[in-house]
1. How big is the charge dipole of the chain about its Cα centre, in debye rounded to the nearest 20, if each Lys and Arg gets +1 on its Cβ and each Asp and Glu gets -1 on its Cβ?
2. Could you tell me how many degrees, from 0 to 90 and to the nearest 10, lie between the Cα long axis of helix 44-62 and the main elongation axis, the longest principal axis, of the Cα atoms of the chain?
3. Need one number: nm distance between label points at residue 178 and residue 358, each 7 Å from Cα along Cα→Cβ, rounded to one decimal.
4. How would you classify the chain from its alpha-carbon gyration tensor, with a ≥ b ≥ c the square roots of the eigenvalues: rounded for a/c under 1.5, else prolate if a/b is greater than b/c, otherwise oblate?
5. Specify the longest stretch of the chain that does not include any exposed loop site, a site being one of the trypsin sites (Lys or Arg not before Pro) with a non-H, G, I, E, B DSSP assignment and at most 11 other Cβ atoms within 10 Å.
6. As an exercise, identify the GluC sites (Glu not before Pro) in the range 345-413 lying in DSSP coil whose Cβ has no more than 11 other Cβ atoms within 10 Å.
7. Within the chain, what percent of beta bridges assigned by DSSP are antiparallel, to the nearest 5?
8. By how many degrees, 0 to 90 and rounded to 10, does the Cα axis of helix 411-422 deviate from the longest principal axis of the chain?
Amino acid sequence: MHSESKNLKIYNSISGKKEDFIPVTKDHVGMYVCGPTVYSNVHLGNLRTFTSFDVIYRYLTHVGYKVRYVRNITDVGHLENDEDEGEDRISKKARIENLEPMEVVQKYTYDFHEILRKFNLLPPNIEPTATGHIIDQIKLIERIIEKGVAYEINGSVYFDVIEYSKSNNYGILSKRKLEDLIHNTRSLDGQSDKKNPQDFALWKKAEPKHIMKWASPWGEGFPGWHIECTAMSNKYLGDIFDIHGGGMDLKFPHHECEIAQSNVCFGTNAANYWVHANMLTLNGQKMSKSTGNNILPDEIFFSGSKLLSKTFSESSVKFFMLQAHYRSVLDLSNDALLASDKGFQKIIDAINNLENLKSFSEQTTFDIKKWSRNCYDAMNDDFNTPILIANIFDAVKFINKVNDGNEKLSLADSKVLAKLINSFVFDIMGLKKDKTFSGQNNKIDEVMNILLQLRNDARNNKNFDLSDKIRDLLKLKGITINDNDKDSSYTIE
Ligand code: AMP
Ligand code: ZN
């Protein structure tokens, strides 16, 4: 174990404080992160949350923990509006697009993995699917019924929040008060079988037209969204594990309900540290699939978005995200991305300069030990990447001065500094040196603009044979030209 493993503090959403990190099992960490609901493409907001947990996973591994990182795929049970009524998001997409639900799941799971790979996020150790764990979920629901905290009605099973609250604190995480919940939850108007509106579904009876359904002791149906994560996290990480994570928007109801289920089944809050990553906003509004206020990763890396003046590499975008602390809201804008792009390039230039230094001094005029201490202190303080980055810039300044002959660095120290800086930038933050995408893409962009100009000239001269030929040849290479009234643009498959 790295000596730094002892100094880590993590902000726990339950206590609202930074706490010393003490794992359940010495030198081991069990971490569960709620994965995507695979009914559409991941957007940059989702990516921010998964990046936050990737850095946490990387840092825990870096300081020597043996981490079991479980991140699920939600492929059933997540209904519209995060509530117990409405259509299943995946079934809905399948119905609209005339696909099998498994086709929807396959398509968007593939997209999710592709994007995460491009973004250099490490895969989890276990990636369970909700549909692969129906039996585990049924067992837990039976247990909750046995304990008298859930009831069956017309083929559905609901968790009885009032019964639970007699001996537990429903609201321990979200800090919502049961009285307020009772007061504020809209009345059911005979729409639901629930005894009380704040109860939540563990199992839902499937209507005859419903496509995704399984046999259960209560008839054909499908699981509730919250029980999925309790079943999967418990199966792979046990009755009490270390870290449970997800985006801030999952605190209520999803995580509050998971905690309630876990208390009934195992007598624990499931995890000792509940960690929540804050939202990425666009124009001050939460990026979201359902509202359409979002940018897709490929638009930013590759094809371009009308909101941005250029494309950006994955590492620049990731660097932009890591310049904010994971618990702060972050607003995406063209200016902020341009600034991050420059900042990141500065770091890479300094790393290259350090590698290529030709002359060294006897001594070093930079306290590498203290600097490294500051870097670790930042990460140990609830994974404070903006402070880590500020410290990296101190090293960048020093390296550039050495390069200009204004500071001194010994050969031995240059190796120590390079090793440290590489491990912070590449191993812990997971950034990449090569600007493959935007680097290439900017060139492609320039060449494409020349081609589009020539094609427009051809069209203006009514040389449609030539303009069509350019379009068709590009199409063969997977580049589609989109003509509109004023000008043309292109998209790359
Ligand atoms: P979903 O597929 O909607 O269940 O979301 C997957 C993950 O992305 C969850 O942890 C969400 O909390 C998170 N998420 C959704 N929207 C955003 C956003 N705008 N910013 C950051 N994280 C988000
Ligand atoms: Zn979950």
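Just so you know, all these numbers are worked out from the coordinates, no wet-lab data involved. Everything numeric here is computed off the predicted structure, so don't read it as measured data. Here the Cβ is made from the backbone with ideal geometry for all residues, glycine too, and neighbour counts use every protein chain on show.
1. 1100 debye
2. 80 degrees
3. Going by the 7 Å Cα→Cβ label model, 7.6 nm.
4. Oblate shape, in that a/c is at least 1.5 and b/c is the bigger or equal ratio.
5. Excluding the exposed sites themselves, the longest stretch runs over 27-165.
6. Listed in order of number, the matching sites are 362.
7. Percentage antiparallel, nearest 5: 50.
8. On a 0 to 90 degree scale, this one is about 40.
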